[in-house]
Amino acid sequence: MNDTTEQKVNPILLEVFKNRFSSISEEMGVTLNRTAFSPNIKERRDFSCAVFDSNGDMIAQAAHIPVHLGSEEGDMVMLNDPFKGGTHLPDITIVAPVFVGKDKPSFYVANRAHHADVGGMSSGSMPLSRSIFQEGLIIPPLKIVEKGKIDQKIMGFLLNNVRTATEREGDFAAQIMANITGVRRTTQLIEKYGLAVVDFYARALMDYAER
């Protein structure tokens, strides 16, 4: 457990922060849902969004699909490799750090969305395969956004290996916008209460969940 204790924690503020962190992940989901191109994300809501502390421990996750989740300012990292933190290849995760006056991230936000196609031997990228290489494009952790700008070389490579490039590009943009929403809201929370208080109640929420 973390070093917070029940005696130190104001139960009213704990509830406030529980709802604030939850609302950040929920708003990320609304952004992703409304701006995505594919029915997989817009209608099936096959995605998830969450907020993490600086150690990568999850503070809050929206009520989307819980199985989905478990750098410099303005960067975002993408991956789908099941052996490096992914689930299956159609589920693509994008992670963004939240920097607030420190050399290292204070928090992270992330979302994972099921894409309708990531290449491979059959449409939909969920074939009866004997090898992961038949299923589609394997994306190791790589920086898709650097200093606020999408790496067009990487994006072009990804889109050149899928059947529905326009839809994929729209869904990637939706995921990036969802993270921008998460970064903005987390930053606003820190600006209102101060980093020390936000970090304290993030740890207090994790302690409460563990108990």
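Suppose we look only past 17 Å in the calculated P(r) of the range 94-211. What percent of the Cα-Cα pairs does that tail hold?
Details: 4504 of 6903 pairs.
More than 17 Å apart: 65 percent of the Cα pairs in the range 94-211.
Given 10 °C and 1.306 mPa s, compute D for the chain with the Stokes-Einstein relation, Rh being the Kirkwood radius over Cα pairs; round to the nearest whole µm²/s.
Numbers: Rh = 17.7 Å.
Stokes-Einstein gives a translational diffusion coefficient of 90 µm²/s.
Think of the range 87-211 as a dipole: +1 on every Lys or Arg Cβ, -1 on every Asp or Glu Cβ, centred on the Cα centre; then among Ile150, Phe200, Met121, Phe200 lies furthest on the positive end.
Sorted largest first, the spans of the alpha carbon positions of the range 158-201 along the three principal axes are 47, 14, 11 Å.
Among the trypsin sites (Lys or Arg not before Pro) within the range 158-192, those in coil by DSSP and having at most 16 neighbouring Cβ atoms inside 10 Å are Arg163. For the chain, the per residue solvent-accessible surface stands at 51 Å², with DNA, RNA and ligands left out and a 1.4 Å probe. If I take all pairs of Cα atoms in the range 67-126, what percentage of them are more than 17 Å from each other? Value for the range 67-126: 47 percent of Cα pairs lie more than 17 Å apart.
For Val95, the solvent-accessible surface computed with a 1.4 Å probe is close to 40 Å², ligands and nucleic acids excluded.
I'd like the carbon and sulfur percentage of the solvent accessible area for the chain, probe radius 1.4 Å, heavy atoms only, ligands and nucleic acids excluded.
On the way: 5720 of 10690 Å².
In the chain, the share of accessible area belonging to carbon and sulfur is 54 percent.
Could you sort Glu135, Glu43 by accessible area so the largest value comes first, with the probe set to 1.4 Å?
Glu43, Glu135
In order along the range 182-191, phi translates into HN-Hα couplings of x, 5, 4, 5, 5, 4, 5, 4, 5, 5 Hz, rounded to whole numbers, per the Karplus curve 6.51 cos²θ - 1.76 cosθ + 1.60 with θ = phi - 60° and x for Gly and Pro.
Sorting Tyr208, Tyr193 by accessible area puts them as Tyr208, Tyr193; the probe is 1.4 Å, largest comes first, and only protein heavy atoms count.
The values are calculated or read from the model by the stated rules, or taken from the named source; none is laboratory data. Owing to the predicted nature of the structure, the values given are computational and were not obtained by experimental measurement. Note that we place each Cβ from the backbone using ideal geometry, even for glycine, and neighbour counts take in every protein chain shown. Calculation scope for accessible area: heavy atoms of the full protein, side chains included, ligands and nucleic acids excluded. Shrake-Rupley method; radii C 1.70, N 1.55, O 1.52, S 1.80 Å.
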